[in-house]
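See structure below.
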Amino acid sequence: MYQDVRGLEMTAASEDAVRAFDHVIDGYVGYRTDIPQRMEALFAADPDCPLAHCLRGAFAMLSFKAAALPIAREACDTALRLTLAAEPREQDHAAALEAWVGGNPDRATAIWQQILDEHPHDLLAFRLAHFVNFWLGRPEVMLTSVLRAESHWSDSLPGWGALLGCRAFALEECGHYTQAEYAGREAIRFDPNDLWAAHAVAHVMEMQGRRSEGIAWVEGLEGNWAHGNNLRHHLAWHAAMYHFERGDDARVLALYDGGFRDLSSPLTQASPDLYIDVQNAASMLFRLARQGVDVGGRWEELANLAETRIGDCLSGFTLPHWMMALAATGRDAAAERMLAAMRDFAAGEESLVGQLTAQLALPVTEAVLAHFRGRHAEAVRLMRPVLGEMYRLGGSHAQQDVLEQLFLDAALKADLTTDARLLMERVAGRNPVPPARRRGYAMGAGLLH
Ligand SMILES: [Fe+2]
């Protein structure tokens, strides 16, 4: 029996295969672009390594894309077969993947946490639980998971920096900004290339309205991200968010075209419809357009992609963003097809993903279409019952904000003052920055007393 770099026993054909596995995990927690090459090396060293097949399935699932499901299912079946005679921890990894592939990411996170309780150095279980809990809107579970694991860690264990970065982000999403920034900066001192830690501190600055510092933070670190994956685009989006709040729309559009929607970049071309890229782009265009900024033909490219993803409901939080693109370009028939496909998916799917689609993604996505079509009162009526629940679609507070802006916009345009005030009170109560200092809410500040 071999041991990985953190001393966990694993089934593998050779020491080389285990080192190749460690290299993949390093790449995964480091948001590196060369994961496919690292996986190739792992399978070359051992085509029957059970955890390698779990990884293959996990990477397919991490795209949150229906087209990747067959790959994930096949990897899962292989992992289940190969782990029959493997370690219980490896069997649990295969079981977690099976739950995830089956549309029950909540069950998968529970299994990863179970693994962690017994093996707190299992960085794969830790990072997958962190990420999937994030996309289930569970920051407090993310934080508990970090705190439970880290008492068994020290900075001499490989992967410590990744744990710190996750601590920073979980603290930030739980509203503990001072501690989050401390942990994030410590992680960056540990590893200046750490994209997730850089991202956590960027969120602190976003939430605290420290826009100039945020711009300097991203610009000061971006030179380290040459080998980073699409999270780089998301950090460019964060930079654009600071510029947007400072009213520098030309800079926002320049970052849109050259930073997070740079179609000449091999990175973007590799995954032009990755959920995070679509969220970055659509949410920024919505914010700009709401302020009367001419965004040109930028919606068209997103709408073309949206049409290809009709019926794919694996990323609930992305669905309203796809709808923004279809609605903004007047593609009513496609928009109706998308809603019908969502209803079909929800009706035929008893899993958690199906439930989230039916209960949350559907009304919010319907509200987006109603809003763009000028049916503002209808948009408010559709969104009002789920305002307090839509965090379960996942995404950060900074990302969920676009949906709250949409609700406010609809309520103001429909003269539904009670609803507009309700939204303003929610925003004023939860966000450290006063609404008057936030571009998307300043127009409603008069509703507050
Ligand atoms: Fe973010």
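Computed over the Cα atoms of the chain, what is the ratio Rg over Rh, Rh following Kirkwood?
Dividing the radius of gyration by the Kirkwood radius yields 0.96.
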Distance in nm between Thr178 and Glu118 label points, each 7 Å along Cα→Cβ, equals 4.1
Can you tell me the 0 to 90 degree angle between the C-alpha axis of helix 15-29 and the longest principal axis of the chain, rounded to 10?
-> 10
In deg cm²/dmol, rounded to 500, what helix-only [θ] at 222 nm does the chain give when every DSSP H run of at least 4 residues adds -39500 (n - 2.57) and the total is split over its residues?
-> -20000 deg cm²/dmol
Give the dimensionless ratio obtained when the Cα radius of gyration of the range 35-82 is divided by 2.2 N^0.38 Å.
-> 1.07
Dimensionless Rg over Rh [the range 177-271; C-alpha; Kirkwood] | 0.97
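Would you mind calculating the relative contact order of the range 343-420 from Cα pairs under 8 angstrom and at least 6 residues apart, reporting the percent as a whole number?
On the way: 67 pairs, mean separation 20.2, N = 78.
With pairs under 8 Å counted, the relative contact order is 26 percent.
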Using alpha carbons only: equivalent-ellipsoid semi-axes of the range 297-449, gyration tensor based, whole Å = 27, 17, 14
Placing each pseudo-label 7 Å from Cα in the direction of the beta carbon, Leu84 and Ser351 end up separated by a distance in nanometres of 2.4
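Values quoted throughout were computed directly from the atomic coordinates according to the rules given, and no laboratory measurement underlies them. Computed from a prediction, not measured in an experiment: that's the story for all the values here. Because the Cβ atoms are built from the backbone with ideal geometry, glycine has one as well, and the counts that use them run over all protein chains shown.
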